[in-house]
1. Go through region A:225-264 and give me each residue that's among the β-branched types (Val, Ile, Thr) and more than 15 Å from A:ILE553 (Cα to Cα).
2. Please determine whether any residue of region A:497-504 is of a type outside the set (Phe, Trp, Tyr), in contact with a Pro (Cβ under 7 Å, 6 or more places away or on another chain) and in a helix (DSSP H, G or I).
3. Between a residue in region B:118-133 that is part of a helix (DSSP H, G or I) and any residue that is of a type in the set (Gly, Ala, Ser), which pairs come within a Cβ distance under 6 Å, given they are 6 or more apart or on different chains?
4. Considering region A:26-35 alone, what residues qualify as being at the interface with chain B (Cβ under 8 Å from one of its Cβ atoms) and either at pLDDT 85 or above or not in a helix (DSSP H, G or I) (or both)?
5. Filter region B:233-259 down to the residues that are in a helix (DSSP H, G or I), surrounded by 13 or more Cβ atoms within 10 Å (Cβ to Cβ) and at pLDDT below 80 and list them by number.
6. Within region A:44-51, is there a residue that is facing chain B (nearest Cβ under 8 Å) and closer than 30 Å to B:PHE390 by Cα?
7. Kindly establish whether A:TYR273 is under 20 Å from the mean Cα position of the chain (by Cα), hydroxyl-bearing (Ser, Thr, Tyr) and over 19 Å from A:GLU409 (Cβ atoms).
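The values are calculated or read from the model by the stated rules, or taken from the named source; none is laboratory data. These figures come from a predicted structure and were not determined experimentally. Heads up, the Cβs are rebuilt from the backbone with ideal geometry, glycines too, and the neighbour counts pull from every protein chain shown.
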Amino acid sequence: MDTFSKRKFIIAGIMLGIAVIFIIRLFSMQILNKSYKQFATRNVLRRITVFPARGFIYDRKMNFMVYNKAAYDLLVVPREVKPFDTTELCNIIQLERVDLREALKKAKQFSYYKPSIIVGQISPDIYAPLQEKLYKYPGFFVQSRTLREYPSKSAAQILGYVGEVNQHIMESDKYYGMGDYIGVSGLEKAYEKDLRGIKGVKNSMVDVHNRIKGRYNNGEADTTAILGHNLLTGMDSKLQAYAELLMTNKRGAIVAIEPSTGEIILMVSTPSYDPNLLVGRQRGTNYGILERDSVNKPMWNRAIIGTYSPGSTFKLANALIALQVHAITPFDRFSCSGPASTPIKCTHIHVSPLAMREGIRESCNSYFWNVYRSIINRSGNVSDNYQKWRDYMVSFGFGQKIGTELTSEVKGFIPELSYYDKLYGQARWNAMTIRSNSIGQGEILATPLQMANMVSMVANRGYYITPHLVKAIQDTNRVFRELKYDKKVMDISPEYFNTVIEGMQAVVDETKLKMTVHLDNIIVCGKTGTVQNPHGADHSAFVGFAPRDNPKIAIAVFIENAGFGATYAAPIGGLLIEKYLNDSIAPKRKELEQRLIETDLLNVVQVKK
Amino acid sequence: MEKRNNVWANVDWITISIYLAMMLIGWVNIYAAVYNQEHKSIFDMTQQYGKQLIWIFAAIFIAVLMINTDSKFFVSFSFPMYLFFILILFLVLFIGKEINGARSWIEIGNFLIQPSEFMKMATSLAIARYISSYNFKMHSYKSLLTLCGIIFIPVGLIFLQNDTGSALVFGVFLLVLYREGLNGIVLFFTFLILLVFILTMILDPLITILILTIAAFVINYLIRKKVKRNLIGIGVFTSIFGVLWLINYLLQGTVDALYFIFAAAFISSSLFFIWAMVLRKRSLAILIGIYLGCVLFSVSVDFVFHNIMEQHQRDRINELLGIQSDVHGSGYHVNQSKIAIGSGGLFGKGFLQGTQTKFNFVPEQSTDFIFCTIGEEWGFLGTATVIGLFIGLLLRLIFLAERNHSKFSRVYGYCVATILFFHFAVNIGMTIGLAPVIGIPLPFFSYGGSSLWSFTLLLFVFVRLDASRFEQLSF
């Protein structure tokens, strides 16, 4: 009766056919194909790096030189963003609307589902109002991280700064990933491995919006972040700040070392900058400004990369070598004809003839020409004598890297034998030819650090400990691990040192330095230098140490284009010694202190004298 | 009282059991799909799973109501009901609420109702009513035109609502018409056109023509078993293509390879056609005719798509067919859905353990993509069970339809079975990457009152009709 009744089989067949296709497909997807399982795991598992706080840096009195402060990144997941009041958000985070739009566009290009940083390193005072309003901006969230803070605002070049790693660093060291920070200069760079700590990993389950929903596998594969180690330096941050204050508007460098330990007490290079400038959102802009300042070069650490003729301060080393090689005795007298002296004129007015104590006191050029001539032109040949002299200079630390933690240190220059052979011809030169070396001029170049190290050796009567900034590292158990540094002993008898030191004491006590460097309660020893330089006014230099017995501080001060050593470098050195040893400046020297702070040597027209 | 007992004794408990099982499994999986730690209770009325329970109870109430309704009501009110819902659909165009781009919802108080869901039942009733009328003749123009009218008026209105998925469902009535005597050729050509269209869109016309050519030769061989003539045919086809290609190469032309294939197909099949006509080989001529028609269709689809349509129209068709290479477009959803189901394995990850669904990687997880949750948490056993339940229900419905002597009940039964089949095939097909992503729910599983109630209505009207299969339904 129903002619089409059989068509039910065709229709049922179509239905069954589809069902069979589905079953086959599901069987192959769910049982045969294993790759979907991996995809699913990759979908939900998110490895989140836990950044440990970077280690602190303390000074010798356990004051903070560097610590961390909280900062926040504003991130966005583009997919979750709903229309919002852009003007209000821009006002809160202090961003131009164009920049916000640009950042959002970039985030979308990167990923719709993964978070991108819209603004990095937001300070807590911006974060507070932002957090209150954050509910208005779906898709935006905040992530905390730490930023460096430099409470004393000083020692910028020594502490260095941290910056984001670049492609090159990431390729050479697998530890670093995109967006990680690394010490770029100074101590931040030198102790990077100690300061950075060890990153941890948190495996979390996340949903499609990257929202964390819980721990993966109960945290079995997680590793905890290990805090960075703290550095205990030998620096005196108060003295450092004081030194920078004294160096206001002056170009130069100061290095002070504790002779008995080799700890660097202070290291100043001016013009400097506030290290806090290279932190946070403005880092890029500020870095550009500092980097481009080719006049002041604030990022240069002149203490270790500035090379100067040491000038008269070098006479101390020449005197010591002459005594040790028996070229002269402390009592040998040489005459001086003042400006009429040959081959080097002497500008100082003093008694003549004079022996070593007076020679040092008066910084007599004639005397030291004779000293140097005695070293180079004594019996034997000039080359051997010069080589011997050079070897002594090298063991003073000149002409080589001293070996502090700061890797950018330079060698300075004490000419090799071959240098003169090449310049003048073999055996065709003698003391006369290289006479400038006698008074620390000519080819001789040294860094302020090397000069400080030389004085430190004098203070120690014959040895130095490799100068260093960090004396101990505090590990995660809060235990300090002392660092060991080499002791370098010099082949010069202590008695000769005492001879030279007597001269240095006379410099302070018997010349006009009595007004500026001499202390009533402590014996200070020093030597000034007025360094001729072809580019402008003389540099003002001073080296010294105190107390004479059991010295606590050895210092080298170098001020560019400041004229006589006694005018600026010596009083600044004196004030620093006084401040360090007495903890305060005597009232009668307050006026001197004030005058030095106010002296502006940068913004005046320099005339060559 | 006696009559009522009679009805309850005659309802098909197998269908009802499958229906209840589906709703229960659906409810549990909705709970898993949108599980919220802060609202752990499955009875929490603020959450989808709590609400679904209300919809389920309401659905059962509707089912009971339907069974207690006199079956004659459905027969006599089928046209008024159809007209009523057409009117509602029309109204929706103006007062409707737009959700996800489709203006297909009406807001009544706090409830959102999608009239197009109920339109399926109304249209089914109208079709059944019309086909079972005395003056209906399947192949008279008047009857066919009327049937087309009954089907295409709601389709048009739903298209206007921008709810393409729901509109496409009505295409499945072709199967019902086929059962009632529509020439099988219509079904055949519909499949063929769909096939060529989809092949052209998803692959490209070049490959489609090649596939068609190979298919034509294979069919020709199967019908006529003549190897030699087939080889000659292939030789003619390839040599025409070769000559054209050589000319283009020598003239250093830049004509696309598509045109050579097309020209070769056109010229060679024209030659074969003339040859078949001369030799009076009718079946060969028909085969070549169909082949040529398909080739022309494929090329013109491609031409219209790329040269006549606007970009937004192209986007819409691409979207419908799921051709979106953009990972954040529909391709992303299908991919995540496949990962969810594929990662389920044999036994699944366990109840509430599905990471893909729990962490929202799959979109619309409680509605259109509920099958993902089942696949991920219950594995192959779960998915096979669901498919088993569906195919059981569909076959049972066909069985029930066939056992009804009333033409009205039978046609309506087929309508129910084929509508459910379309939803089943397209919804599950889309979650496992076999069908385009058309947003239509999985009946009795997906979250939502509107769809659950409309499917319940659809099904239980038939259960009621089937229960009175021993009565003579009069018009």
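1. Within region A:225-264, A:ILE226, A:THR233, A:THR248 meet the criteria.
2. Yes, some residue in region A:497-504 is of a type outside the set (Phe, Trp, Tyr), in contact with a Pro (Cβ under 7 Å, 6 or more places away or on another chain) and in a helix (DSSP H, G or I).
3. Hits for this filter: B:PHE118/B:SER454; B:LEU125/B:SER78; B:ALA126/B:SER78; B:ARG129/B:SER78.
4. A:LEU26, A:PHE27, A:MET29, A:GLN30, A:ILE31, A:ASN33
5. B:LEU258, B:TYR259, listed by residue number.
6. No, because not a single residue in region A:44-51 is facing chain B (nearest Cβ under 8 Å) and closer than 30 Å to B:PHE390 by Cα.
7. yes
Condition check ((1) outside any helix (DSSP H, G or I); (2) crowded, with 18+ Cβ neighbours inside 10 Å; (3) hydrophobic (A, V, I, L, M, F, W, C)) across all residues:
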{"position": "A:PRO151", "(1), (2), (3)": "yes, no, no"}
{"position": "A:SER154", "(1), (2), (3)": "yes, yes, no"}
{"position": "A:GLN157", "(1), (2), (3)": "no, yes, no"}
{"position": "A:TYR176", "(1), (2), (3)": "yes, yes, no"}
{"position": "A:ILE182", "(1), (2), (3)": "yes, yes, yes"}
{"position": "A:LYS189", "(1), (2), (3)": "no, yes, no"}
{"position": "A:LYS193", "(1), (2), (3)": "no, no, no"}
